[in-house]
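Reading through the structure tokens given below for one structure.
The values are calculated or read from the model by the stated rules, or taken from the named source; none is laboratory data. Here the structure is a predicted model, which is why all the values come from computation and not from measurement. As a convention, Cβ positions derive from the backbone with ideal geometry for all residues, glycine included, and neighbour counts pool all protein chains shown.
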Amino acid sequence: MELKRYQKDETIFRQGDVSECMYRIQDGKVGIFVDYGGESQRKITELTAGQFLGEMGLMDQSPRSATAISLSDDTTLQLIDEENFSRTVSEEPEEILFLLQQMSTRLRRISRDYTEACRTVSEVTEADKSGAERSPALQNRIAKTLAGFESSEPEEETGGQEA
């Protein structure tokens, strides 16, 4: 499989690009951003050696949902196209299991954050409708939820490997 090297701040792919491959980080760090370069730019996560990126686009043939940027010099990525992915499925099922574990970890984090945001919005709405004062606990959750959306440093990802 082909290896590609990127220098710090180099773009790997852009949000909206056609998805023709995924990558596995061999060395270095990659930041995943939405609205990269815009006023609402936000770093969703930071990935390190052993982790995958771009897998959603390869699997569902949709445009890239985010922009990937190298965060370190000499970031080395293994390029995995459809043919290599199909071969890996049949010849290295443990690699696919590892990929699925990473995807599951990401989905769980997103689900947890979404559920917490919905719960907070619901409680704010109820407090506002009833005219009740927002409790300190609710105000704390509002601040925490907003900070999560404004932060450029997400929680660290876990899930089967950490380099």
Requested in this report: Being closer than 29 Å to G31 by Cβ and in the same structural domain as M1 (by TED's automatic domain parsing) narrows it down to one of T67, T105, T115, so name that one.
Outcome: T67
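When you scan the stretch 27-42, how many residues do you find that are touching an Asp or Glu at 6+ places or on another chain (Cβ under 9 Å) and either in contact (Cβ under 8 Å) with a residue 60 or more places away in the chain or not charged (D, E, K, R) (or both)? Give the derivation first.
Taking the stretch 27-42 first, the residues touching an Asp or Glu at 6+ places or on another chain (Cβ under 9 Å) are 27-32, 41-42.
Keeping just the survivors that are either in contact (Cβ under 8 Å) with a residue 60 or more places away in the chain or not charged (D, E, K, R) (or both) gives 28, 30-32, 41-42.
Count: 6.
Being aromatic (F, W, Y) and in contact with a Gly (Cβ under 9 Å, 6 or more places away or on another chain) narrows it down to one residue among F98, F85; which is it? Before you say what the answer is, go through the steps one by one.
Working: F85 fails: in contact with a Gly (Cβ under 9 Å, 6 or more places away or on another chain).
Residue meeting the stated conditions: F98.
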Query raised in the report: Can you tell me which residues in the stretch 1-16 are modelled with pLDDT under 95 and either assigned to a strand (DSSP E or B) or among the charged types (D, E, K, R) (or both)?
Result: E2
Query raised in the report: Are any of the residues in the stretch 91-99 closer than 26 Å to D27 by Cα, in contact with a strand residue (DSSP E or B) (Cβ under 7 Å, 6 or more places away or on another chain) and surrounded by 17 or more Cβ atoms within 10 Å (Cβ to Cβ)?
Result: yes
Requested in this report: Consider T75 carefully, then state whether it is assigned by TED's automatic domain parsing to the domain that holds I32 and modelled with pLDDT of 85 or more.
Outcome: yes
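Inspect the stretch 43-55 for any residue being in contact (Cβ under 8 Å) with a residue 12 or more places away in the chain, over 15 Å from the mean Cα position of the chain (by Cα) and assigned by TED's automatic domain parsing to the domain that holds K8 and give the result as yes or no. Spell out the reasoning first.
Of the residues in the stretch 43-55, the ones in contact (Cβ under 8 Å) with a residue 12 or more places away in the chain are 43-55.
Subset that is over 15 Å from the mean Cα position of the chain (by Cα): none.
Checked the stretch 43-55: no residue is in contact (Cβ under 8 Å) with a residue 12 or more places away in the chain, over 15 Å from the mean Cα position of the chain (by Cα) and assigned by TED's automatic domain parsing to the domain that holds K8.
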Query - Residues located in the stretch 140-152, provided they are under 17 Å from R112 (Cβ atoms) and either outside the structural domain of R109 (by TED's automatic domain parsing) or modelled with pLDDT under 80 (or both) - result: K144, T145, L146, A147, G148, F149, S151
Requested in this report: Take the stretch 42-93 and flag every residue that is in contact with a helix residue (DSSP H, G or I) (Cβ under 6 Å, 6 or more places away or on another chain) and assigned to a strand (DSSP E or B).
Outcome: F52
